[in-house]
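Where a number appears in this text, it was derived from the coordinates with a stated rule and is not lab data. Just so we're clear, the structure is a prediction, and the values are computed from it rather than from any experiment. We place every Cβ from the backbone using ideal geometry, glycine too, and count neighbours over all the protein chains shown.
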Amino acid sequence: MSGPSMFVRPRSIRRGAALTFVFATVLGTGAAAGAFGDEMHNTTDATASSLPKTGTADRDEVAAAAREAMAKGQSGSKAAEEVVSRSGDRWSAVYSAREYENVRQALDGEYVGVGLWVRCRPGGRIEVARVQPSSPADRAGIAVGDRLRTIDGEPMTGQPVTEVVSRLRGGNPAAANGNEAEGQAGGTQAGSGDDKPPDRSAAAGTPVRLGLERDGRTWQQTLHRTRLATEAVTADRSAADRATRIKVDSFSKGSGEQVRRAVREAPEGDGILLDLRGNSGGLVTEAVTAASAFLDGGLVATYDVKGRQRALYAQEGGDVGTPLVVLVDGGTMSAAELLTGALQDRGRAVVVGSRTFGKGSVQMPSKLPDGSVAELTVGHYKTPAGRSVDGEGIAPDLAVKGGAEERARTVLSGLGGGA
């Protein structure tokens, strides 16, 4: 956001990347990263057209502020964050060492929890939407459809899914974003407004007591959190539709190859519905690998880092014949937008849904003197046709407000894929 130097961006947005994945790839001597704000997932009301343009925090100024504060016995990371706030750069952020370790684990496809996905039902009832196989919840016999009444004695009915997720993970409820492996759409976005960053999750081995209900029977179950692998990519098929849906929640490590495998394993004659709704981004290298599943080489995106132009290319040998529809919404962000733009510009897919979020800037992390990490904007990327994504988003070929998946399946059948 542009504006006077005294402007301070709300902390919940500036620190959002600690709660999600980092858009990263090796660029020269560093890792380019995209720090996402808390205005994300399909619970956000923000749209690309309403997002303000931002300034850019100066790396040297941020580091100098941290050093000066430490010399006075003050918090270096807090001083650095104040500089970032004044810049108005909504994508830059400062993390503690522990927070950045959480980000690294997320990039590796890991989280600490019990293996539950939850959703909100009418009346505010919280229900189990999915149970991760071999997780503590699975071993305890918790099933899809079970009602989650309480967590550690606190009633969950009427609570945002984000808060429920945070309590399952053992963190401050205000820190959840609903995009962790144990969350799913249905709650209200939340962010931290505290001066001290809250813990994002409890340690593996810590207990959590759940109050559950099934078919009128209630019971208490104590589970112990453990480190689990996220399942960023899932595939399902409807025989009636003859369409394979590949849902990509984020681009964590290995997700690109999972997309390629899902494409190879799709039955012959099926169309493919690539569902990127609510995808908050992730590793750009994984998004490029995913693009390689549908392209036979060629340009995926261009980007600049401190004025130097670079390009990303798909690998050769992708499936260029199977009908493809990409499903997007306002929660489709960053690396997911990069993939969407490539498939749209290259004429490989029809994009259905609503305009994407509009996060097309590139960040690069650097360690501050106190061990914290500043992740600052250094450039922006563009689609193969030269379109800028940042602050603009990607407009779908077919804009749909309600029943987007049904419309997408209809389009897919018209392309010769599906029933």
Enumerate the amide H contacts of T206 below 5 Å, restricted to partners 5 or more residues apart or on another chain; note that Pro and chain-start residues carry no placed amide H. R225
Express in whole angstrom the spacing between the alpha-carbon centres of region 311-330 and region 74-117. 31 Å
Apply the Karplus curve 6.51 cos²θ - 1.76 cosθ + 1.60, θ = phi - 60°, to the phi angles in region 226-242 and return the couplings in whole Hz, x for Gly and Pro. 9, 7, 10, 8, 6, 10, 6, 10, 10, 10, 9, 9, 9, 4, 5, 7, 6
In the neighborhood of I246, defined by Cβ-to-Cβ distances under 15 Å, what is the net charge if each Lys or Arg adds +1 and each Asp or Glu adds -1? -1
Say each of D60 and R98 gets a label point 7 Å from the Cα, pointing the same way as Cα to Cβ; how far apart are those two points in nm? 3.5 nm
Residues whose placed amide H lies under 5 Å from that of R149, excluding near-sequence neighbours: G211, L212, E213
Take the alpha carbon gyration tensor of region 196-350, find the square roots of its eigenvalues, order them as a ≥ b ≥ c, and report rounded if a/c is under 1.5; if not, report prolate when a/b exceeds b/c, else oblate. oblate
Listed residue pairs exceeding 23 Å between alpha carbons, taken from K247/K306; K306/K367; K253/K401; K253/K306; K78/K253: K247/K306; K253/K401; K253/K306; K78/K253
So which GluC sites (Glu not before Pro) in region 256-338 end up in coil per DSSP with only 15 or fewer other C-beta atoms within 10 Å? E268, E316
I'd like the Karplus ³J(HN,Hα) series for region 272-281: coefficients 6.51, -1.76, 1.60, θ = phi - 60°, whole numbers in Hz, and an x wherever there's a Gly or Pro. 10, 10, 8, 9, 10, 5, x, 7, 7, x
HN-Hα J couplings of region 303-317 from phi, Karplus 6.51/-1.76/1.60, θ = phi - 60°, integer Hz, Gly and Pro as x? 8, 10, 10, 6, x, 8, 7, 9, 9, 10, 10, 6, 6, 6, x
